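Each value in this text was obtained by applying a stated rule to the coordinates, not by laboratory testing. Please read all numbers here as calculations on a predicted model, not as lab measurements.
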Amino acid sequence: MSVDESSEFNIQDKAGVQQTDGILYMIDDSKMIVAMVQESFGMVDELIERGMAYQTDSIEELAEVAELDAETLASTIETFNSSVHTENDAEFGRTSFNDKVEEGPYYAVKLQMAYHLTFGDLIVDEYMHVLDSDNNVISGLYAGGDILGGFEGDTHQSGPCMSIVIYSGREAGINAAAGN
Ligand SMILES: Cc1cc2nc3c(=O)[nH]c(=O)nc-3n(C[C@H](O)[C@H](O)[C@H](O)COP(=O)(O)OP(=O)(O)OC[C@H]3O[C@@H](n4cnc5c(N)ncnc54)[C@H](O)[C@@H]3O)c2cc1C
């Protein structure tokens, strides 16, 4: 993907949908897949069984089964490995480096961008009263959680949802019970 893959979700999402037909391939080696399998409860095996991921012993075979250009795939991996080695990504400005793609078997997972996530978009005041389109309180209506909108601006950072969800749900309950 022609973007820093350690950047924010919204930057990666936009770059993803700009790929041809919105399709991209995640290329992994065995080290990465072992880590993923531990976290994904067998999801990788299921993806392979369903033909949505490919596993081969060499990069050349991977290009063949995934119908990717072999030379482009090999040179992309070589460039990536070199930037991991030097911790310098001159092409896309990646700032986070883990491991090289170097230990077979190798994997390609086919991804197609649809949407990242949606939020409900109700606007509330500090008491969690839901506001109407003129920003007036709708009496007796409170809201909290993912049904709210506007609290993250135009981006999404992984991790902070639970804080606003718990805070807003608690406030909505307290204020509804107190009739505030
Ligand atoms: C894959 C994934 C990873 C995530 N990772 C993180 C993370 O790392 N950090 C983080 O902060 N957030 C994360 N989130 C987001 C976080 O899980 C949500 O923001 C949070 O769970 C939303 O809480 P909620 O109570 O608003 O909604 P929900 O948890 O969706 O609860 C809504 C509940 O209402 C019930 N319900 C729906 N309709 C009705 C009905 N008509 N009658 C009765 N009950 C109904 C549903 O069954 C559900 O139990 C992640 C979300 C996903 C999907």
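Overview of values
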read-out	value
Hits among lysines - C-alpha to C-alpha of residue 14 under 22 Å, sequence gap 8 or more where chains match	110
Globularity index of the range 129-178, i.e. its alpha-carbon radius of gyration over 2.2 N^0.38 Å	1.23
Nearest 10 degrees, 0 to 90: helix 70-86 Cα axis against the chain principal axis	70
Expected 222 nm ellipticity per residue - DSSP helices of 4 or more, -39500 (n - 2.57), all of the chain, to 500	-12000 deg cm²/dmol
P(r) weight above 20 Å for the chain, C-alpha pairs, percent	66
For the range 113-164 and the range 82-100, distance of Cα centres in Å	37
Residues whose placed amide H lies under 5 Å from that of residue 142, excluding near-sequence neighbours	130
With Cα atoms, 0 to 90° folded angle of helix 161-178 axis to the chain main axis	10
